[in-house]
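Structure, as structure tokens:
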Amino acid sequence: MSAQQQLPGIDPGEKRRRALLEAIIYAAEEPLTAAQISKGLDVPLDQVEADLRALMEESASDKRGIEIRKVAKGYKMSTKAEHHDGVRKFVKTLRPKFRLSLPALETLAVVAYKQPVTIPEIQAVRGVNSTGVVSTLLNRKLITTAGRKAVIGRPMQYRTTKDFLIQFGLSDLTELPTLKELEELGRSALGEVEPAGNTQEPEHAEAAVE
Amino acid sequence: MNDRAASAPDIEIPGPETAAASSESVQSENAFGVRLDQFEGPLDLLLSLIRRQKINISDIPIASITEQYLDYLRRAEELNIDLGGEFVFMAATLIHIKSRMLLPSDPLVPEEEQQDPRDDLVKRLIEHEKFVQAAQMLREKRLVEENTWTRPVFEDFPDVDEEPESAVGVIDLVRTFEKVLERARNRPSYEVEGEDVTVASRIQYLKNLLLSEDGAVSLSDVFERQPGRRALLATFLALLELVRMSAVVLRQKKLFGEIVIRKHKMFDTVFAHEESFYAVAREYGE
């Protein structure tokens, strides 16, 4: 192959490596981290990361139906959500639907934002007994125990799991809107036009949620 | 994403059928067809009352809200719905705030330091609403995830995952152990008094078992093979010790699935150092 046929800055070795990365991400069962790939292939980490970024950019194009996304700090390949209607017609084994009730989602949100958090702390926010919902979330492996809190009674603390990030398509917890943004959403949902003592433009909160 | 912020407060269908948009309310119906929205907790109920009337959260008309709140409680009682203590507690809180609002403010406290008796409640409501919003946000994220597909899983792809989270957690372990204990309770025990079961001996036992069975055994199988409760407990403790020393790993193929004990790659190294096992034996006073 002549140099002219290559994209600028991509040598044949690099091209081959990217193709291999794509294949590995396709075959892996769980999102692989750049560190795992780097270790497994014995390729420097920064090179792997650069390749992954390039692959993600490429797959994000409208021309492609499959994309590589960052989920739970690793990389995962999946069909794009916008094609779900068409894809669904051809999927034979539909995954068992796991739908969480709003109380369960709310409890999960409290754990995600306040972790490590105890059941009494969850109940203080929700104003309702939450033991049952917590055990549902534990069973679903969306949350797990995180040691005991050093207060009277030594209550168990809980945190979210890697499964939580995977099931909700999050790269890491920082991808969630901040508590401040949630508060603005909440206040405007409760009909408060001017957030008290808050100079931030409401557009900010919405943009950040997107 | 504008509509997300707006959707919750904008749904207002008048009448008792108003389904609190964000609290996914269920309705109860008695023999006479009287309907009543159900709320998960008092905060959900209050937020629904506030939304319905487009009240500014920082200026709640406490008297009328208390009235409506109590009215809801009365209707629930008529329908024989047990709302639980937290609803009653909130009613008391509302009445308390209402009575404090009636008192003249303390003339000795400067005006800017006067606290609105509603402040604490407003804070709690906003805190709660934050997580109602967060729940909606998570629901949407989950919906997107549900509509993507990854390629079907190959069963025997090498174990790339070394992180503990996809491995078995303490809760799974305890759950399995509880089940085994439950079954053990229901079957005749042939335990011999003074039987010599030590944690150290059970470690040796598990080691030999793993060596003879190709490096992997099912956890419940191992438990089932124990002759009595003492042996069960010692085996359980031995297993925990082996996990701690990184001699074995516990794996679960799928959620609620069978737990398998497997040799860790450190298995041979760990068993090469016998001193650590003497230390274990000493710890258990064996």
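B:Glu111 to B:Ser64: FRET efficiency via 1/(1 + (r/R0)^6), r the Cβ-Cβ distance, R0 25 Å, to the nearest 0.05? Don't skip to the answer; put the middle values down first.
On the way: r = 26 Å, r/R0 = 1.03.
The computed FRET efficiency comes out at 0.45.
Among the listed pairs A:Lys39/B:Lys207; A:Lys39/A:Lys141; A:Lys39/B:Lys265; A:Lys80/A:Lys114, which have their C-alpha atoms separated by more than 20 angstrom in this model? Distance filter (> 20 Å) returns A:Lys39/B:Lys207; A:Lys39/A:Lys141; A:Lys80/A:Lys114. Taking a ≥ b ≥ c as the square roots of the eigenvalues of the Cα gyration tensor, an a/c ratio of 1.5 or more together with a/b no larger than b/c marks the range A:8-88 as oblate.
Rounded to the nearest 0.05, what FRET efficiency is calculated for B:Ser99 and B:Glu77 with R0 set to 25 Å and r the Cβ-Cβ distance? Could the numbers behind the result be given before it?
On the way: r = 23 Å, r/R0 = 0.91.
E between B:Ser99 and B:Glu77, to the nearest 0.05, is 0.65.
Taking every protein chain into account, the 1.4 Å probe leaves B:Asp116 with about 50 Å² of accessible area, to the nearest ten.
With all protein chains present and a 1.4 Å probe, how do A:Tyr26, A:Tyr158 order by accessible area, largest first?
Values: A:Tyr26 110, A:Tyr158 25 Å².
Listed by decreasing accessible area, they come as A:Tyr26, A:Tyr158.
The values are calculated or read from the model by the stated rules, or taken from the named source; none is laboratory data. Bear in mind the structure is a predicted one, so any value in this text is a computation, not a measurement. We place every Cβ from the backbone using ideal geometry, glycine too, and count neighbours over all the protein chains shown. Accessible surface is based on the protein model in full, side chains and every heavy atom, while ligands, DNA and RNA are left aside. Shrake-Rupley method; radii C 1.70, N 1.55, O 1.52, S 1.80 Å.
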